[in-house]
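Here is the structure we will look at, set down as structure tokens.
The values are calculated or read from the model by the stated rules, or taken from the named source; none is laboratory data. Note that the coordinates shown come from a computational prediction; the quantities given were computed from them, not determined experimentally. Neighbour counts run over all protein chains shown; Cβ positions are idealised from the backbone, glycine included. Side chains are part of the model used for accessible areas, which takes the heavy atoms of the whole protein and leaves out ligands, DNA and RNA. Shrake-Rupley method; radii C 1.70, N 1.55, O 1.52, S 1.80 Å.
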Amino acid sequence: MLQIYKSLESGPLQELTLKTLEKGSWINIVDPTPYELKVVSNLTEVDPDFLRSALDDEERSHTDVEENSVMVLTNVPVFRGEDSYDALPLAIIVTDEFIITVCLEETPVITEFNERTSRLFRTYKKTRFLFQILYKSATYFLRYLRQISKLSEEIEDQLRHDMKNSEILRLLELQKGLTYFNAAIRSNGAVLDKLLRMRNNTSLTPILKAYEEDEDLLEDVIIENKQAKEMVEMYSKILARLADTFSSIISNNQNLVMKFLAAMTIILAIPTVVSSFFGMNVPVPFADNAHGFLYVICIALSISIVSAYVLWHRDMF
């Protein structure tokens, strides 16, 4: 999918096509075909490798600079549903005429920039638009991290009442999402630090024209990313300790069950031993007694009661 927009001076977005492409346009490419990549590369004179960089879902955040363009590859958060979170690479390519975004799928970070919010950004203010996308990505990381925190509290409450495998699997799914977020936020931090240094590079001034308010926005992005980094580290530790705690509880419960079964086995084995003793084919006590059977039952029952009392005092029940 390929969409082209340009902000009008009055605020609204104007949708363009490849044939009506104008300077200051935003080219948004989602899961592109080879033909779309080739056409955009030819029209914008952008290195095809820049356009393809975000099509590898394992690509880490980084920046690349060519003679006429700067590519910022960042990882944005994605909610997959059912307690599943992930991070996807998003390439943002800035030239002296266009800004291009490339991603494997639609993400809320990009869809937030639409006709409804068009007055909050300008496609022709490319550097500021770049920082706004990065800021939106950082805010979504924080939003999803708060969701994960609430979900973990919900799972903890449910596990306190009933330890089901489904809840433990949900906990593991959240841990996996935090692992993806942690890797993405760390690599995004390195990219932001590099952008902070690049603003003093005079050779990039024609491409990345940064004004004072743009630099303030970049600093805000760095602050938000640091906050997300601290939150993901904290929640990762909490979830890891939560998983360890409930794993210990499950192991302890299993030991209690095994202790109970062992005690019951001992008690149930006593009548068998007693009856086997009196059932031997040799002269035994009470062999000629009319009430011998009742005596044997009383003996077995007495020994069982005494054994149960001893085991109970040893916390076997």
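Just to confirm the filter: which GluC sites (Glu not before Pro) across the stretch 62-127 are DSSP coil and have at most 14 other Cβ within 10 angstrom of their Cβ?
Sparse-neighbourhood loop GluC sites (Glu not before Pro): E67, E82, E105, E106, E115.
The share of accessible area on the stretch 38-165 that comes from carbon and sulfur is 42 percent, using a 1.4 angstrom probe. Separation of the stretch 74-108 and the stretch 239-317, taken as the distance between their Cα centroids, equals 64 angstrom. Rolling a 1.4 angstrom probe over the protein heavy atoms with all chains in place gives the stretch 254-300 an accessible area of 76 Å² per residue. Rolling a 1.4 Å probe over the protein heavy atoms gives the stretch 62-156 an accessible area of 38 Å² per residue. Since only L73, L88, I100 are under comparison, the one whose Cα sits farthest along the positive direction of the charge dipole of the stretch 60-111, derived from C-beta charges on Lys, Arg, Asp and Glu, is L88. The ellipsoid that matches the Cα gyration tensor of the stretch 84-138 has semi-axes, each √(5λ) in whole angstrom, of 19, 14, 10, with the longest given first.
Counting only Cα atoms, the chain measures 115, 39, 33 Å along its principal axes, largest extent leading. Angle, helix 292-313 long axis vs. longest principal axis of the chain, Cα atoms, 0 to 90°, nearest 10? Roughly 40 degrees, rounded to the nearest 10. Summarising the label geometry, the points placed 7 Å from Cα in the beta-carbon direction at H291 and F277 lie 2.0 nm from one another. Which value, in Å² rounded to 10, gives the accessible area of C298 with a 1.4 Å probe and all protein chains present? Accessible area of C298: about 80 Å². A 1.4 Å probe run over the stretch 2-53, with the rest of the protein chains in place, finds 54 Å² accessible per residue.
Loop-located chymotrypsin sites (Phe, Trp or Tyr not before Pro) across the stretch 257-299 with a Cβ neighbour count of 16 or fewer within 10 Å are F286, with loop assigned by DSSP. On a 0 to 90 degree scale, rounded to 10, what angle separates helix 126-161 from the longest Cα axis of the chain? Roughly 10 degrees between the two axes. Loop sites by DSSP among the trypsin sites (Lys or Arg not before Pro) of the chain, restricted to those with at most 10 other Cβ atoms within 10 angstrom, leave 117-313 as the longest stretch without any of them. To the nearest ten degrees, helix 34-44 and the longest principal axis of the Cα atoms of the chain are 40 degrees apart. The N42 and H161 beta-carbon pair, evaluated with R₀ = 45 Å, returns a calculated FRET efficiency of approximately 0.15. Between L55 and N255, the FRET efficiency from the beta-carbon distance, with R0 = 51 Å, is close to 0.50. Between T17 and Q147, the simple spin-label model (points 7 angstrom out along Cα→Cβ) gives 3.7 nm. Considering only protein heavy atoms and a 1.4 Å probe, what is the carbon-and-sulfur percentage of the accessible area of the stretch 228-317? Looking at the stretch 228-317 in its full context, I get 68 percent from C and S.
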